[in-house]
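Engineer: There's a structure below that I have some questions on.
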Amino acid sequence: MILKTVVLAILAGADVGKSGIFKSSRFVDGSFGGFEQVDITSGSHQGGSNIASTSTQIDDRLSPGNVTILSGETAMLACKIYNLGNKSVSWLRHTSPIPQLMALNNMSNSLDTRFKAMVGEEWSEFVLMVRDVSTKDSGQYECQVSGPNHTSISKMVTLNVIATTTSIDNGPDIYVGISSKLKLVCRIDTAGIQLKYIIWRKGDKIAKFLGGESSPLILEQDPSGVFITSLEVDRIEADSGDTYGCQPNPGVAAEVKVHVIKEGTMLTVQNSSFKILPICKLYALMLIVFCTSRR
């Protein structure tokens, strides 16, 4: 209530975003068509009126109340308004102890540059864009329409950000010997989201492709419900060393760096996270180096 009073007081003194000081950039979004550059120098604006009533209304059909998105993607919180007249639109984020004003008309009001206000060319579509979302961005947002007479209508929007996790066992660095075998195991926690496909890569080349439209993706699961996929190299060669990646869709990618140990090379481990595969090969290699040095 305190924040609403402050916003309304600002609006009563001046129409922020309509004076020609602030101009929005050109944006394109598939849900609303083109977001052209808005020239606001003409003063008041009339939003598109696609309904019979002349009163200001928020179209619930084009203003989703729930938005679910994966972590790292871009969220678009939309508010479709008819007959805006000389009113203004603000985006609030409901935080404790008081809501935070994120945007007013086409002017962003956050130190976090991931948040950006966008307005359609007819001042009927208002969007709060959030880039690179994370779970901390989840919560209640409010699209609020306020007039000079301190009357307002609003629409609550719930943003749900789902975080998936991907990891490769024994990473981030794996050491293997020449002529040995290598098995990389990738674990994917989908947070309940159905996977479409998985790409294993070696460097910038595809090493293995699973799933797709033509073949359903069937994966085993560990006791905790995490999906498992693996990539095997039957024989390690000198050129087998590279960056290997496991990329699920949807989801985030994981990478490991595979190092090939050549005969006669002494290995110095400086990072406790380094893993030796297979360990028996390392012991044999160390014994050979030791015996050679004693001769």
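Engineer: Yes or no: residue 231 part of a strand (DSSP E or B) and either out of contact with any Lys or Arg (no Cβ under 6 Å at 6 or more places or on another chain) or surrounded by 18 or more Cβ atoms within 10 Å (Cβ to Cβ) (or both)?
Structural biologist: So residue 231 passes the test.
Engineer: Taking the stretch 201-246 only, how many residues are among the aliphatic types (A, V, I, L, M) and under 19 Å from residue 172 (Cα atoms)?
Structural biologist: Filtering the stretch 201-246 for residues among the aliphatic types (A, V, I, L, M) gives 206-207, 210, 217-219, 226, 228, 231, 233, 236, 238.
From the residues that got through so far, the ones that are under 19 Å from residue 172 (Cα atoms) too are 207, 228, 231, 233, 236.
So the answer is 5.
Engineer: A follow-up question, please. Taking into account only those residues within the stretch 136-158 that are in a strand (DSSP E or B) and of a type in the set (Gly, Ala, Ser), which is modelled with the lowest pLDDT?
Structural biologist: The first filter runs over the stretch 136-158 and keeps only residues in a strand (DSSP E or B), leaving 139-146, 152-158.
With of a type in the set (Gly, Ala, Ser) added as a condition, the list becomes 139, 146, 152, 154.
Numbers: 139: 95, 146: 89, 152: 83, 154: 92.
Here the answer is 152.
Engineer: Picking from 134, 146, which residue would you name as being in contact with a Ser or Thr (Cβ under 7 Å, 6 or more places away or on another chain) and surrounded by fewer than 15 Cβ atoms within 10 Å (Cβ to Cβ)?
Structural biologist: Values: 146 fails: surrounded by fewer than 15 Cβ atoms within 10 Å (Cβ to Cβ).
Within the list 134, 146, the selection yields 134.
Engineer: Suppose we filter the stretch 119-131 for residues that are within 21 Å of residue 191 (Cβ to Cβ) and either touching a Ser or Thr at 6+ places or on another chain (Cβ under 6 Å) or modelled with pLDDT under 95 (or both); how many remain? Let's see the steps before the verdict.
Structural biologist: If we filter the stretch 119-131 for residues that are within 21 Å of residue 191 (Cβ to Cβ), which is where we start, we get 130-131.
With either touching a Ser or Thr at 6+ places or on another chain (Cβ under 6 Å) or modelled with pLDDT under 95 (or both) added as a condition, the list becomes 131.
Total satisfying the criteria: 1.
Engineer: The conditions are (1) modelled with pLDDT under 90; (2) within 31 Å of the chain's Cα centre (by Cα), and residue 266 fails exactly one of them. Which is it?
Structural biologist: (2)
Results for (1) on the phi > 0 side of the Ramachandran plot; (2) part of a strand (DSSP E or B); (3) modelled with pLDDT of 90 or more; (4) hydrophobic (A, V, I, L, M, F, W, C), shown as yes or no for each residue.
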{"residue": "68", "(1), (2), (3), (4)": "no, yes, yes, no"}
{"residue": "72", "(1), (2), (3), (4)": "yes, no, no, no"}
{"residue": "78", "(1), (2), (3), (4)": "no, yes, yes, yes"}
{"residue": "85", "(1), (2), (3), (4)": "yes, no, no, no"}
{"residue": "91", "(1), (2), (3), (4)": "no, yes, yes, yes"}
{"residue": "96", "(1), (2), (3), (4)": "no, no, no, no"}
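Engineer: If only one of 84, 159, 128, 101 is in contact with a His (Cβ under 9 Å, 6 or more places away or on another chain) and buried (at least 17 other Cβ atoms within 10 Å of the Cβ), which one is it? Outline the logic, then answer.
Structural biologist: On the way: 159 fails: in contact with a His (Cβ under 9 Å, 6 or more places away or on another chain); 128 fails: in contact with a His (Cβ under 9 Å, 6 or more places away or on another chain); 101 fails: in contact with a His (Cβ under 9 Å, 6 or more places away or on another chain).
That would be 84, the only listed residue that is in contact with a His (Cβ under 9 Å, 6 or more places away or on another chain) and buried (at least 17 other Cβ atoms within 10 Å of the Cβ).
Engineer: Give me the strands (runs of 3 or more DSSP E) completely within the stretch 160-227, filtered to those with at least 3 residues that are β-branched (Val, Ile, Thr), ordered by residue number.
Structural biologist: Fully inside the stretch 160-227 and qualifying: 165-168.
The values are calculated or read from the model by the stated rules, or taken from the named source; none is laboratory data. Since we're looking at a predicted model, the values are computed, not measured. Cβ coordinates were reconstructed from backbone atoms using ideal geometry, including for glycine residues, and neighbour counts include every protein chain displayed.
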